[in-house]
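The values are calculated or read from the model by the stated rules, or taken from the named source; none is laboratory data. Values in this document were obtained by computation on a predicted structure and should not be read as measured data. Cβ placement follows ideal geometry from the backbone for every residue including glycine, while neighbour counts extend to all protein chains displayed. Ligands, DNA and RNA are stripped out before the accessible areas are found, and what is left, the full protein with its side chains, is counted by its heavy atoms. Shrake-Rupley method; radii C 1.70, N 1.55, O 1.52, S 1.80 Å.
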Amino acid sequence: MHIFLSAFDDVPDPRAENARHDLGELLVIAFVSVLCGATSCAEMSAFGRAKENIFRDFLKLKHAIPSHDTFSLVLGMIDPKALDAAFGQVLADVSALLREGDVIAIDGKSLRGARDKGESARTRMMVSAYASRLRLTLASVTADGGTELDAALEVLGLIALKGKVVTADALHCNRRTVAAINAQGGDWCLAQKANQDSLLSDARACFGKVNKDHPVARVEETGHGRKETRTGMVVSAKGLAEHHEFPGLKAFGRIEATREIAGSVTSETRFFALSWMPTPEVLLETVRAHWAIENALHWQLDVSFREDAARNRKDNGPGNIAVLRRRALDVVRRDTSKSSLSIKLKRAGWDDDFLRSVLNGLVET
């Protein structure tokens, strides 16, 4: 656990010099309690007391386990960006496994339970950069007030993009975002909708000119009572980057998807702006990889960590606890046992030996 403690040394401590509890130790307890299912500061303190014998194997705990008020005060004060960066140091060895062409998905998730009455669901939000193949959160930034675009640009500035492909929804299909990715040597695959109406219109026009023998890729998937077919095609956007002042635009992608569930058939056509000319097969793989941030991150945060139900609202508390959830998910996925993710999380809470093995594994790997 010394790796965590040394990383947390870089998190600025906003408290007075006479603060009783060591900041690094407090953050370790908060993190491990979230990994084991804690959703509030009261639960962090209760978990710490219940597992104090385990924590004393790693921590000094000169003043025992902090109270729930102390957890609330500290998590409300520290900077979520600094906390996330500290975890980035701990998991740097995993991040180093990123390969050329790997997809980094960018998306925001509302912290629905963190808003006060009268505030919209987008008032509190976390924007994350997610390595789809590794299933790892590379960086997260709070977007208080719903400023998702600005937070996304900040996230992009925190990670190395050279040789990687950034994917995002239509909100991020804009000149500022592509300029930021281009500047770092990354590629991009950005969904198109009416927010870039002229660009979308030209994309449709380009596909209207293709020949019958134009390369097409098709994949079919069946499972969970549904059958889905996706057809992908890529066309050149030659000359349109200058026309639309959209730097780096090289191609457009189109995916036509048909889904059949219980005899009911629905269809959807999606368009994408691309900074390179991939094959149709690569387009389908890239767009598919983007959904890992929804299915492997956002969905798991709600199902396994009950994020939507969390009621942390004070100051920086919602953002910091959201960081702890995302990093707990990263850590538990490093365990190689065959149990499901939900079982691992529950087991870490009640099986002291398993919890020790997880914590020891963090130090050894």
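Here are a few things to note about the model shown:
- Verdict on Glu307 being under 22 Å from Ser110 (Cα atoms) and crowded, with 19+ Cβ neighbours inside 10 Å: yes
- Helices (runs of 4 or more DSSP H) lying entirely in region 288-362 (those with 1 or more residues that are in contact (Cβ under 8 Å) with a residue 12 or more places away in the chain and within 26 Å of Pro14 (Cβ to Cβ)): 317-332
- Residue within region 199-217 that is assigned to a strand (DSSP E or B) and surrounded by fewer than 20 Cβ atoms within 10 Å (Cβ to Cβ) present: yes
- Which listed residue, of Ile104, Ile65, is over 26 Å from Pro14 (Cβ atoms) and open to solvent by less than 40 Å² (accessible area, probe 1.4 Å): Ile104
- Residue match in region 231-242 (condition: open to solvent by 70 Å² or more (accessible area, probe 1.4 Å), over 29 Å from the mean Cα position of the chain (by Cα) and over 17 Å from Pro278 (Cβ atoms)): yes
- When region 21-74 is filtered for residues that are charged (D, E, K, R) and part of a loop (DSSP other than H, G, I, E, B), the ones remaining, listed by number, are Asp22, Lys51, Arg56, Asp57, Lys60, Lys62.
- Top-ranked residue of region 272-295 - restricted to ones that are under 23 Å from the mean Cα position of the chain (by Cα) and of a type in the set (Phe, Trp, Tyr), ranked as surrounded by the fewest Cβ atoms within 10 Å (Cβ to Cβ): Trp291
- Test: residue in region 127-146 that is of a type in the set (A, V, I, L, M), crowded, with 17+ Cβ neighbours inside 10 Å, at pLDDT below 90 and under 16 Å from the mean Cα position of the chain (by Cα): yes
- Options Gly76, Gly37: the member that is in contact (Cβ under 8 Å) with a residue 24 or more places away in the chain, surrounded by fewer than 20 Cβ atoms within 10 Å (Cβ to Cβ) and closer than 14 Å to Arg327 by Cα: Gly37
- So Pro14, is it assigned to a loop (DSSP other than H, G, I, E, B), open to solvent by less than 10 Å² (accessible area, probe 1.4 Å) and either of a type outside the set (Val, Ile, Thr) or without any contact (Cβ under 8 Å) to a residue 40 or more places away in the chain (or both): no
- All positions within region 177-194 that are in a helix (DSSP H, G or I) and either closer than 17 Å to Gly248 by Cβ or in contact with a Cys (Cβ under 7 Å, 6 or more places away or on another chain) (or both): Thr177, Val178, Ala179, Ala180, Ile181, Asn182, Ala183
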